[in-house]
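J.: Quick one: structure below, then a few questions.
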Amino acid sequence: MKKNIPLAFPALSLLLQGECLRIGGITYYMHSGKIRACPSKRERRDSRTDKEVKARGAFTAVRRFWSVYRRALNGLKIWSVAARERGRGKSDSLFHSVNAAAISPEGKVWAYPAFRFAEGSLAMPVLRGVEREGWTVRVAWEEGTGCVGADAADRLYVGYFYEGEGGSPCLLEVAGATRGDGSAEFTLPAAGMPEGTPLHLYFFFASPDGTCFSSSVYVAC
């Protein structure tokens with residue numbers, strides 16, 4: 001915007017000397033013998049505060065992990081569905097708000113119990129026992145009452161990390177295991193890990209058509 005602006009004599013004197021004046025977000029200057037005005041531009045800061053640097057670093061770390069995690073999901077729309085259910089819009093934004101505190105500056109999960117591998121409105125049964133023998137895991141669960149939307153055909157999934165591999169999320173659909181079975185047994189790949197390496201497991205269910213998911217339940221074994 002450009003217009004003629006009347007100013008007091010001291011200000012006019014400065015303008016006549018070729019200087020600019022910034023008053024209330026407006027910059028005044030001389031052009032072609034007339035006083036002009038335009039919105040002042042924000043001055044560029046040379047550095048960020050420690051808080052801003054930390055926040056930016058945390059955001060970058062979660063984004064780095066998110067890109068790896070999405071590949072592990074192999075097409076499951078867990079967080080897209082959860083975001084829609086919550087009216088949050090974007091799946092990555094919801095994932096960030098839920099899991100940022102559990103991810104280290106290096107982009108790896110460090111607080112395994114606090115991490116949510118899955119999030120959703122589908123009812124999750126109560127786990128009654130998890131046993132491990134080598135790389136084979138047995139899990140049992142019990143359905144509670146009032147589980148709205150639950151279906152006996154809901155499929156069982158297990159997200160998992162090997163101890164010390166917080167940047168490498170893995171996912172297994174337990175073949176043939178459904179909610180109605182009440183128990184399941186599966187074997188995870190050794191993946192070159194020493195025998196007895198601790199596992200961080202996240203059990204959750206998905207509807208038969210893959211359009212609804214439960215929140216995951218964490219178990220260390």
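J.: Test Arg179 against the stated conditions and say whether it is closer than 30 Å to His96 by Cβ, out of contact with any Lys or Arg (no Cβ under 6 Å at 6 or more places or on another chain) and not aromatic (Phe, Trp, Tyr).
T.: Details: closer than 30 Å to His96 by Cβ: yes; out of contact with any Lys or Arg (no Cβ under 6 Å at 6 or more places or on another chain): yes; not aromatic (Phe, Trp, Tyr): yes.
The answer is yes for Arg179.
J.: Can I ask one more? Restricting to segment 192-211, count the residues that are among the hydrophobic types (A, V, I, L, M, F, W, C) and at pLDDT below 95.
T.: Residues meeting the conditions: 0.
J.: While we're on this one: Run Ala191 past the list (1) of a type in the set (A, V, I, L, M, F, W, C); (2) under 20 Å from Gly75 (Cβ atoms); (3) not in a strand (DSSP E or B) and report the number of the one that doesn't hold.
T.: For Ala191, the exception is condition (2).
J.: What residue, among those in segment 124-164 that are under 13 Å from Phe186 (Cβ atoms) and among the β-branched types (Val, Ile, Thr), is surrounded by the fewest Cβ atoms within 10 Å (Cβ to Cβ)?
T.: By that ranking, first place goes to Thr136.
J.: Just one of (1) of a type in the set (A, V, I, L, M); (2) open to solvent by 50 Å² or more (accessible area, probe 1.4 Å); (3) touching a Gly at 6+ places or on another chain (Cβ under 7 Å) trips up Ala191, so point out which.
T.: Here Ala191 meets the rest and fails (3).
J.: Go through the residues of segment 106-113 one by one and say whether even a single one is free of Cβ contacts under 8 Å to residues at least 12 places away in the same chain, closer than 26 Å to Leu188 by Cβ and in a loop (DSSP other than H, G, I, E, B). Walk me through how you get there before you give the answer.
T.: First pass over segment 106-113, keeping only residues free of Cβ contacts under 8 Å to residues at least 12 places away in the same chain: 111.
After this cut, where a residue has to be closer than 26 Å to Leu188 by Cβ as well, the list is 111.
Right, trim to in a loop (DSSP other than H, G, I, E, B) and you get 111.
Checking segment 106-113: at least one residue is free of Cβ contacts under 8 Å to residues at least 12 places away in the same chain, closer than 26 Å to Leu188 by Cβ and in a loop (DSSP other than H, G, I, E, B).
J.: Please go through segment 74-93 and pick out each residue that is in contact (Cβ under 8 Å) with a residue 12 or more places away in the chain and part of a helix (DSSP H, G or I). Don't jump to the end; show me each part of the working.
T.: So the first thing to find is which residues in segment 74-93 are in contact (Cβ under 8 Å) with a residue 12 or more places away in the chain, and the list is 74, 76-79, 81-82, 85, 91-92.
Passing the criteria: Ile78, Trp79, Val81, Ala82, Glu85, Ser91, Asp92.
J.: Of everything in segment 123-179, what is assigned to a strand (DSSP E or B), small (Gly, Ala, Ser) and without any contact (Cβ under 8 Å) to a residue 24 or more places away in the chain? Give them in sequence order. Talk me through it step by step, then tell me what you get.
T.: First pass over segment 123-179, keeping only residues assigned to a strand (DSSP E or B): 126-133, 136-142, 155-162, 170-178.
So of that shortlist, the ones also small (Gly, Ala, Ser) come out as 129, 140, 159, 175-177.
If the condition is that a residue be assigned to a strand (DSSP E or B), small (Gly, Ala, Ser) and without any contact (Cβ under 8 Å) to a residue 24 or more places away in the chain, then Gly129, Ala175, Gly176, Ala177 are the ones that fit.
The values are calculated or read from the model by the stated rules, or taken from the named source; none is laboratory data. Just so it is clear, the model here is predicted, and its values are computed rather than measured. Because the Cβ atoms are built from the backbone with ideal geometry, glycine has one as well, and the counts that use them run over all protein chains shown. What goes into the accessible areas is simple: the full protein's heavy atoms, side chains included, and nothing from ligands, DNA or RNA. Shrake-Rupley method; radii C 1.70, N 1.55, O 1.52, S 1.80 Å.
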